[in-house]
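These notes concern the structure reproduced below.
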Amino acid sequence: MQPLLSIETVSKHFAAHQALRDVELMVGAGEFIALLGPSGCGKTTLLRCIAGFLTPDAGRIRIDGEDITRAPPYRRPLNTVFQSYALFPHMSVLDNVAYGPRRAGVARAEAQGRAREALALVGLEEMGARLPRALSGGQQQRVALARAIVNRPKLLLLDEPLSALDLKLRRRMQIELKHIQEKLGIAFIFVTHDQEEAMAMADRIVVMHGGRVEQVGTPAEIYRAPASRFVAEFVGEPNLIPAEPAGPGRIRLAFAGLELAAPEGTRCAMIRPEDVVLVEGAAPADLATAGGTVEEVVAIGPMTTLFVRCGDVLLKVARLGMSGAELHPGAGVTVGLRPAALHLIAE
Ligand code: ATP
């Protein structure tokens, strides 16, 4: 099936600095994609190339197969929601939303009808007569969204649209935005540097690093099977256990001398803190175990993290609720790993 958007070996320089390097990405109709990565990794540059505010130095961008690499922004079947909502302060909410269709030459009554529909989609049908300043931050954000979807683009680009909101509202808006996107069926490309936000909302996450796409995958793939050490460390909290070669096709981990079959070049094994077991009593046969010493206990209510030193490795062990919170630094414990929960990483 033809993708809605295809980005083919796109590169972009700013003078000597290469902001994008051979970026490849296919986006399907109605997909929710998160562009995730640290500051400066090229997320906004890629979004601007898709929107048409920047032109790549090399590569192609197609929508529905049509080459739009050099098309001006207004000729692209997409719209952008920016960090600052940029609403017109002296216009009513309804007029703000109707502004786009009006400028495109749609008659006033028709434009207002479409604006009402868009406002209903974001749950603000009652607010049309208000001025933007009479709305909360979250409501203003939804007006900006209504304005961006009023012309029913095929693709909506969102550049950190929730970053001005406080944490609680932000979490609520993440869920709402996801529901609105599902209802609309419009593909979203959402820029964020917040891994939880990406995990909570996206069908697929594109992890970027130094202008390159480091990995593309579902949230579960990215979390469980990161393609590199960088992805493992950027998404969630990994335990990275160093490995050394132990004969052809085998490695030995710096934990209980555990030996595993592994591809050439494997440098370490990753295990998430919630998969590390604190063994009480006899250990099940499928666990590799080692004795350790608790160095730190961090109990935050829903979760307790223990930092346990096992030889050269400091392991993070996550437990639900306050389980383990009674342990003190210096306590001796037995830690267990299931080889099946380990993910091998080459670089
Ligand atoms: P952030 O999360 O901080 O917004 P980002 O991943 O969106 O970061 P970009 O804005 O895409 O990063 O920038 C990528 C790199 O390109 C950065 O090193 C940035 O300084 C540089 N850059 C971006 N725009 C320009 C420009 N107009 N001129 C020169 N350099 C630029």
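The values are calculated or read from the model by the stated rules, or taken from the named source; none is laboratory data. Computed from a predicted model, the values in this text were never measured in an experiment. Every residue, glycine as well, gets a Cβ built from its backbone with ideal geometry; the counts of neighbours run over all protein chains shown. Calculation scope for accessible area: heavy atoms of the full protein, side chains included, ligands and nucleic acids excluded. Shrake-Rupley method; radii C 1.70, N 1.55, O 1.52, S 1.80 Å.
Estimated from helices alone, the mean residue ellipticity of the chain at 222 nm is -7000 deg cm²/dmol (sum of -39500 (n - 2.57) over DSSP H runs with n ≥ 4, per residue). Placing +1 on each Lys and Arg Cβ and -1 on each Asp and Glu Cβ, with no other charges, gives the stretch 1-126 a dipole about its Cα centre of roughly 380 debye. Taking 0.36 nm per residue of separation and subtracting the current Cα-Cα distance, fully stretching the chain between VAL279 and THR55 would add 75.0 nm. Converting phi to 3J(HN,Hα) with the Karplus coefficients 6.51, -1.76 and 1.60 and the offset θ = phi - 60°, the stretch 217-226 yields x, 5, x, 5, 5, 5, 6, 7, 10, x Hz in sequence order, with x at every glycine or proline. Remark: spin-label model distance ARG133-ASP22 equals 5.3 nm, labels positioned 7 Å along the Cα→Cβ axis.
Placing a label point 7 Å from the Cα of SER323 along the Cα-to-Cβ line, the residues of the stretch 286-305 whose backbone N sits under 11 Å from it are 304. Extension gain, ALA71 to ALA104, is 10.1 nm, computed as 0.36 nm per intervening residue step minus the present C-alpha separation.
Stokes-Einstein, applied to the Kirkwood radius of the stretch 237-346 over Cα pairs at a viscosity of 0.890 mPa s and 25 °C, places its translational diffusion at 172 µm² s⁻¹.
For VAL216, what is the net charge nearby, where nearby means another residue's Cβ is under 12 Å from its Cβ and Lys, Arg count +1, Asp, Glu -1? Every neighbour counted, the sum reads -3.
Normalised by the number of residues in the stretch 237-346, the average gap of Cα pairs under 8 Å and 6 or more apart makes the relative contact order 30 percent. Would you list the P(r) distribution for the chain, with all Cα-Cα distances sorted into 10 Å bins from 0 and each bin expressed as a whole %? All Cα pairs, binned at 10 Å, distribute as 5, 21, 25, 21, 15, 9, 4, 0 percent. The residues neighbouring GLN83, those whose beta-carbon lies less than 11 Å from its own, together hold a net charge of -2 under the Lys/Arg +1, Asp/Glu -1 convention. Charge tally for LEU94 (other residues, Cβ to Cβ under 14 Å; Lys, Arg +1; Asp, Glu -1): +2. Surface analysis of the chain yields an accessible area of 47 Å² per residue, using protein heavy atoms and a 1.4 Å probe. Amide H contacts for PHE255 (H built 1.01 Å from N in the peptide plane; partners 5 or more residues away or on another chain; cut-off under 5 Å): none found. In this calculation the C-beta distance from GLU264 to ALA86 is compared with R0 = 51 Å, giving a FRET efficiency of 0.45. Largest GNM mean-square fluctuation across SER163, SER136, SER11, computed for the chain with C-alpha springs under 10 Å, falls on SER136. Free of any trypsin sites (Lys or Arg not before Pro) that DSSP assigns to a loop and that have at most 16 other C-beta atoms within 10 Å, the longest stretch within the chain is 131-266. Amide H to amide H distances under 5 Å link ALA58 with SER11, where only residues 5 or more positions off or on other chains count and H is placed in the peptide plane. Here the accessible area of the stretch 237-346 is 56 percent carbon and sulfur, with a 1.4 angstrom probe and all protein chains present. Pairs of Lys residues in the chain that lie 8 or more places apart, or on two chains, and have C-alpha atoms under 18 angstrom apart add up to 4.
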